[in-house]
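Q: This is the structure, below, for whatever I ask next.
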Amino acid sequence: MYETPCIGLSDQEPAALIDFYPFTNLNALKVKEIIQKIKHGKSPSEICDKPLDNIRFTPANNRTIFFAPYQRGQAISKLNELGPDGVIEQLRISELSGRGGAFFPTGKKWEACRSFKDSPKFIICNADEGEPGTFKDRVLLNNQPGSVLEGMIIAGFTVGAAYGIIYLRGEYQWLVEKLEQEIDAFRALGLLGNNAGGIKDFNFDIRIEIGAGAYVCGEETALLESMEGKRGEPRTKWFYPVEKGYLQLPTVVNNVETFASVARLLSLGTFEYLKRGMPGSPGTKLISLSGDCKLPGIYEIEWGMTVAELLDLCGAEDPYFIQVSGPSGECISVKEKYRRISMLDLLAQKDIRCGGSFMIFNSSRDIVDILINFSEFFKHESCGACTPCRAGNFIIERKLERLQNGLADANDLKELKSWSSIMKATSRCGLGKTASNSVIQSLEKFEDYFATRFAGTDNSIYRKFDHHAAITQYEHYKP
């Protein structure tokens, strides 16, 4: 048994996986009961829980996009009429961007892959949802797997691909049976296989590949390395995956939510889609919400909603420190609750570009403890290929421990900022570039809190020296 930062069940914690089968809302009595059943011959697959989707909020007046009634093949039926150019044009008009956090224009990515002539081409669904506090893709795969498959088929038709692969997070193995059943249903309807969707000479099929539990494989080139049987670490970016991706062939890699968005967009119609959200940021966004609130779960919001509105919806309890888009994202204080959530990246507006999660911490939580937890996670998950990330995360954790123990001074603060700059500028991938975000932002946004944690002198070696603890081991030594 071992602890892990997140298994994609943050809305029903405490949770555990036994042989990769989920057990949720645990307490001492329930754990004892599970152990007794296993001792008496029951397998985890027989007694595991079925995690709830916990879809807490969708836009009113039939404005939901992701959780509207779904019919298999509805979006695919429009492909003959649209053609590849038409699909790309609809993506361009809708301003649909990747929903994994990078927000790269989907149409631009697909158009680039289509322009390369090498074959075969691949469509890869990045379902390696490893960012702590994020579970929206889990809910989509469980609640709406067909829309994800349909989005992959549309991508295959648009770029001329023959194969689709779902790279599924290792902790989501319990979803494999449902996904396989949905793939079989698509084959039975002629939506997969030869002449997929009734489109002549369009041959496309999908399979599932299980990830090995590495956070860094959320980065698309590390994911590709893992799929090829290599160590999961980011590639040097000589080529983008749309040119040389899986097996060095043209590849589209998109997030689960992105593929579902494409299917829903074509089913709904682009101009109807544009009525949701706000100018420059149309549509809706799925947010995984957990922490100190009454209603953790999935919230489908229209872009433009403020943080304050979201906090009210979930029944946030004394919100103080809010982590957006996981530990690698942005931390905000409750003073910033009137900021909008959008895809706009305007410095004057200061909107929040949320990749998919909000973790809420109330004022009873120790911010330094939170940051140490994040730092330990990044240190463990770093692939170690580049020195700035390998050494930087270790040093940042040590500096935070000094802060926790009352030993940090102004020099430690300078070194934290210095290492953050080094990591951002020289790390190979997003893990190293973003690992120190929360630390630096916390120091800037919670000055009052940290003022009590730093001492006024630089003689840190003499501060908070615990004489009793220092001699305890000696006093209890027995030869």
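The values are calculated or read from the model by the stated rules, or taken from the named source; none is laboratory data. Note that the coordinates shown come from a computational prediction; the quantities given were computed from them, not determined experimentally. No Cβ is skipped: glycine too gets one built from the backbone with ideal geometry, and neighbour counts run over all protein chains shown.
Q: Just for helices (runs of 4 or more DSSP H) wholly inside segment 20-130: which have at least 3 residues that are within 30 Å of Leu295 (Cα to Cα) and of a type in the set (D, E, K, R)?
A: Helices (runs of 4 or more DSSP H) meeting the threshold: 28-39.
Q: Taking segment 317-351, which residues are of a type in the set (A, V, I, L, M), at pLDDT 90 or above and within 24 Å of Ser261 (Cα to Cα)?
A: Val324, Ile341
Q: A further question on this structure: Test Phe374 against the stated conditions and say whether it is touching a strand residue (DSSP E or B) at 6+ places or on another chain (Cβ under 9 Å), under 19 Å from Gly218 (Cα atoms), assigned to a helix (DSSP H, G or I) and not assigned by TED's automatic domain parsing to the domain that holds Gly213.
A: yes
Q: Follow-up. State which residue is surrounded by the most Cβ atoms within 10 Å (Cβ to Cβ) when the search covers only segment 423-440 and only residues that are within 24 Å of Phe358 (Cβ to Cβ) and more than 19 Å from the chain's Cα centre (by Cα).
A: Val439
Q: In the set Arg264, Arg235, which member is of a type in the set (Lys, Arg), surrounded by 21 or more Cβ atoms within 10 Å (Cβ to Cβ) and in contact with a Ser or Thr (Cβ under 9 Å, 6 or more places away or on another chain)? Write out each step before concluding.
A: Details: Arg235 fails: surrounded by 21 or more Cβ atoms within 10 Å (Cβ to Cβ).
The conditions single out Arg264.
Q: Let me ask something else about it. Given (1) at pLDDT 95 or above; (2) closer than 29 Å to Asp53 by Cα, identify the lone condition not met by Gly130.
A: Only one criterion is unmet by Gly130, namely (1).
Q: Now, a different point. Pick from Ser77, Ser97: which is among the polar types (S, T, N, Q), assigned by TED's automatic domain parsing to the domain that holds Gly213 and either within 21 Å of Ile298 (Cα to Cα) or free of Cβ contacts under 8 Å to residues at least 12 places away in the same chain (or both)? Let's see the steps before the verdict.
A: Details: Ser77 fails: either within 21 Å of Ile298 (Cα to Cα) or free of Cβ contacts under 8 Å to residues at least 12 places away in the same chain (or both).
It is Ser97.
Q: Say we look at segment 81-100 and pick out the residues that are in contact with a strand residue (DSSP E or B) (Cβ under 8 Å, 6 or more places away or on another chain) and small (Gly, Ala, Ser); which of these is farthest from Val252 (Cα to Cα)?
A: My answer is Ser94.
Q: Moving to a separate point now. Every residue in segment 394-422 that is hydroxyl-bearing (Ser, Thr, Tyr) and surrounded by 17 or more Cβ atoms within 10 Å (Cβ to Cβ), please.
A: Initially, segment 394-422 is screened for residues hydroxyl-bearing (Ser, Thr, Tyr), giving 418, 420-421.
Ser420, the sole residue that qualifies.
Q: What number of residues within segment 267-297 satisfy the criterion of being hydrophobic (A, V, I, L, M, F, W, C), under 30 Å from Met227 (Cα atoms) and out of contact with any Ser or Thr (no Cβ under 8 Å at 6 or more places or on another chain)?
A: Result for segment 267-297: 1.
Q: Turning to a different aspect of this structure: Residues of segment 140-158 being within 16 Å of Ser119 (Cα to Cα) and either among the aliphatic types (A, V, I, L, M) or out of contact with any helix residue (DSSP H, G or I) (no Cβ under 9 Å at 6 or more places or on another chain) (or both), which ones?
A: Step one: list which residues in segment 140-158 are within 16 Å of Ser119 (Cα to Cα), which gives 155-158.
Across segment 140-158, the qualifying residue is only Ala155.
Q: Taking segment 159-176, which residues are touching a helix residue (DSSP H, G or I) at 6+ places or on another chain (Cβ under 8 Å) and among the aliphatic types (A, V, I, L, M)?
A: Val159, Ala161, Ala162, Ile165, Ile166, Leu168, Leu175
Q: Would you please name the residue that is modelled with the lowest pLDDT, looking only at residues in segment 169-216 that are outside any loop (DSSP other than H, G, I, E, B) and among the β-branched types (Val, Ile, Thr)? Before the answer, list the steps.
A: Of all residues in segment 169-216, those outside any loop (DSSP other than H, G, I, E, B) come to 170-188, 193, 196-198, 204-210, 215-216.
After this cut, where a residue has to be among the β-branched types (Val, Ile, Thr) as well, the list is 176, 183, 206, 208, 210, 216.
On the way: Val176: 97, Ile183: 98, Ile206: 98, Ile208: 97, Ile210: 94, Val216: 85.
Taking the candidates together, the pick is Val216.
Q: Only one residue in Ile34, Ile18 is aliphatic (A, V, I, L, M), closer than 22 Å to Leu141 by Cα and out of contact with any Gly (no Cβ under 6 Å at 6 or more places or on another chain), so which one is that?
A: Exactly one of Ile34, Ile18 is aliphatic (A, V, I, L, M), closer than 22 Å to Leu141 by Cα and out of contact with any Gly (no Cβ under 6 Å at 6 or more places or on another chain), namely Ile18.
The rows are residues; the columns are (1) assigned to a helix (DSSP H, G or I); (2) within 27 Å of Ser333 (Cα to Cα); (3) at pLDDT 90 or above; (4) touching an Asp or Glu at 6+ places or on another chain (Cβ under 6 Å).
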{"position": "Trp419", "(1), (2), (3), (4)": "yes, yes, no, no"}
{"position": "Ser438", "(1), (2), (3), (4)": "yes, yes, yes, no"}
{"position": "Asp448", "(1), (2), (3), (4)": "yes, yes, no, no"}
{"position": "Ala455", "(1), (2), (3), (4)": "no, yes, no, yes"}
{"position": "Phe465", "(1), (2), (3), (4)": "no, no, no, no"}
{"position": "Gln473", "(1), (2), (3), (4)": "yes, no, no, no"}
{"position": "Pro479", "(1), (2), (3), (4)": "no, no, no, no"}
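Q: A further question on this structure: Within segment 83-101, which residues are modelled with pLDDT under 95 and farther than 25 Å from Leu286 by Cβ?
A: Once the filter is applied, which keeps residues that are modelled with pLDDT under 95 and farther than 25 Å from Leu286 by Cβ, segment 83-101 yields nothing.
Q: Looking at Gly304, Gly329, Gly356, which is the one that is more than 28 Å from Tyr215 (Cα to Cα), of a type in the set (Gly, Ala, Ser) and not assigned by TED's automatic domain parsing to the domain that holds Glu89?
A: Just a single option satisfies the conditions, and that option is Gly304.
Q: Scan segment 275-284 and tell me whether some residue there is more than 15 Å from the chain's Cα centre (by Cα), among the aliphatic types (A, V, I, L, M) and closer than 27 Å to Ile206 by Cα.
A: No.
Q: Can Cys383 be described as within 23 Å of Glu220 (Cα to Cα) and either of a type in the set (A, V, I, L, M) or part of a helix (DSSP H, G or I) (or both)?
A: No.
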